[in-house]
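For reference, the structure is listed below as structure tokens.
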Amino acid sequence: GAVVSQHPSWVICKSGTSVKIECRSLDFQATTMFWYRQFPKQSLMLMATSNEGSKATYEQGVEKDKFLINHASLTLSTLTVTSAHPEDSSFYICSARETEGSNQPQHFGDGTRLSIL
Amino acid sequence: GQNIDQPTEMTATEGAIVQINCTYQTSGFNGLFWYQQHAGEAPTFLSYNVLDGLEEKGRFSSFLSRSKGYSYLLLKELQMKDSASYLCAVRDLSGGYNKLIFGAGTRLAVHP
């Protein structure tokens, strides 16, 4: 089945550091990938839609200069949290869909737990 | 805008049946998904409905009524490992592209 790999799994770093998270589709091509954030005991909140070869589409309230998204190829999207602060600590999850067909489920990476000290 | 409602918590007994309800309001409905998520892990896909009716997959079934904006996930023969959060998610076409919007999730606790 479709596999999405996300790296790293855990990040602990100092306030002010920029952190890059990678999301790869291992056995399929994904023109569109999605980035979510999840706080404890809350649901997944869509942050942005990553489009291969073009700019990402951000949800309302998400700072595009804070959360930089690059979708350089059909199998890789990256999310960079710039100048991270403690309030950015969260569980970040990416997902991708195998084709653009609407009945295809989104497959999720294992998530990245980000802790900013 | 979108609005997805599901109960916050439910408890059930091992071996029993439990139904988790989900109601939604969206302008560009294009299918409803159910995902299971264990604490600290990523969601895993359970089921998909785009037409009215019941979809059955082993111990799990999902129902959709588009006219009522309503779905449920039915879990039979509950096992302890079914203790998890169950996320109702609606695919929304408004804005020109498919995106999956999640409800807050229902935390299910299965006890012996």
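In units of the compact-protein estimate 2.2 N^0.38 Å, the protein assembly as shown shows a Cα radius of gyration of 1.01. Amide H to amide H, with H built 1.01 Å from N, B:GLY31 comes under 5 Å of B:ARG91, counting only residues 5 or more places away or on other chains.
Extending 7 Å from Cα along the Cβ direction at A:GLU52 and again at B:LYS57 yields two label points whose distance is 2.4 nm. Considering all alpha-carbon pairs of chain B, what whole percent are spaced by more than 19 angstrom? So the portion of pairs separated by more than 19 Å is 41 percent.
If you place +1 on the Cβ of every Lys and Arg, -1 on the Cβ of every Asp and Glu, and leave all else neutral, what size is the dipole of chain A about its Cα centre, to the nearest 20 Debye? List each step's numbers first, then the result.
On the way: 10 positive and 11 negative charges, 55 e Å.
Rounded to the nearest 20 debye, it is 260 debye.
Peptides B:17-23, A:15-21 ordered by packing proxy, namely the average of other Cβ atoms within 10 Å per residue, highest first: B:17-23, A:15-21.
Proximity of backbone amide H atoms, modeled 1.01 Å from N, is registered between B:SER94 and B:GLY28 at under 5 Å, excluding neighbours fewer than 5 places apart on the same chain. Placing unit charges on each Cβ (+1 for Lys and Arg, -1 for Asp and Glu) gives the protein assembly as shown a dipole about its Cα centre, and among B:MET10, A:THR17, B:PHE29 the Cα reaching farthest toward its positive end belongs to A:THR17. Remark: spin-label model distance B:THR11-A:GLN60 equals 3.9 nm, labels positioned 7 Å along the Cα→Cβ axis.
Phi angles across the range A:61-67 convert, under the Karplus curve 6.51 cos²θ - 1.76 cosθ + 1.60 with θ = phi - 60°, into 3J(HN,Hα) values of x, 9, 7, 5, 7, 8, 10 Hz, Gly and Pro given as x. A simple count of charges around A:PHE39, restricted to other residues whose Cβ falls under 13 Å of its Cβ and scoring Lys, Arg +1 and Asp, Glu -1, yields +1. Rounded to the nearest whole Hz, the Karplus-based 3J(HN,Hα) values (6.51 cos²θ - 1.76 cosθ + 1.60, θ = phi - 60°) of the range A:104-117 follow the sequence 8, x, 7, 9, 9, x, 7, x, 10, 8, 9, 10, 10, 8, with x at glycine and proline. Stokes-Einstein diffusion for chain A at 4 °C, viscosity 1.567 mPa s, with a Kirkwood radius from C-alpha pairs, works out to 91 µm²/s.
Take the Cβ-Cβ distance between B:LYS81 and A:LYS41 as r, set R0 to 30 Å, and report the resulting FRET efficiency rounded to the nearest 0.05. Before the final figure, lay out each step's value.
Details: r = 20 Å, r/R0 = 0.67.
Approximately 0.90, to the nearest 0.05.
Once the C-beta distance of A:ALA72 and A:LYS14 is scaled by a Förster radius of 22 Å, the resulting FRET efficiency is 0.20 to the nearest 0.05. Note on the range B:1-76 and the range A:54-117: Cα centroid distance 24 Å, given to the nearest whole angstrom. By the Cβ distance rule (another cysteine Cβ under 4.7 Å), the unpaired cysteines of chain A are A:CYS13.
Once you average over the residues of B:27-38, how many Cβ atoms of partner chains fall within 10 Å of each Cβ?
Details: counts 0, 0, 0, 2, 4, 0, 3, 1, 4, 0, 6, 0.
Across the residues of B:27-38, the mean count of other-chain Cβ atoms within 10 Å is 2.
Remark: mean inter-chain Cβ contacts per residue of A:54-65 equal 1, using a 10 Å Cβ-Cβ cutoff to other protein chain atoms.
Net charge in the neighbourhood of B:PHE33 (other residues with Cβ under 13 Å of its Cβ; Lys, Arg +1, Asp, Glu -1) is +2.
Each value in this text was obtained by applying a stated rule to the coordinates, not by laboratory testing. Keep in mind that this is a model prediction, so the values were computed, not measured. Counting neighbours? That spans all protein chains shown, and the Cβs are built from the backbone with ideal geometry, glycine included.
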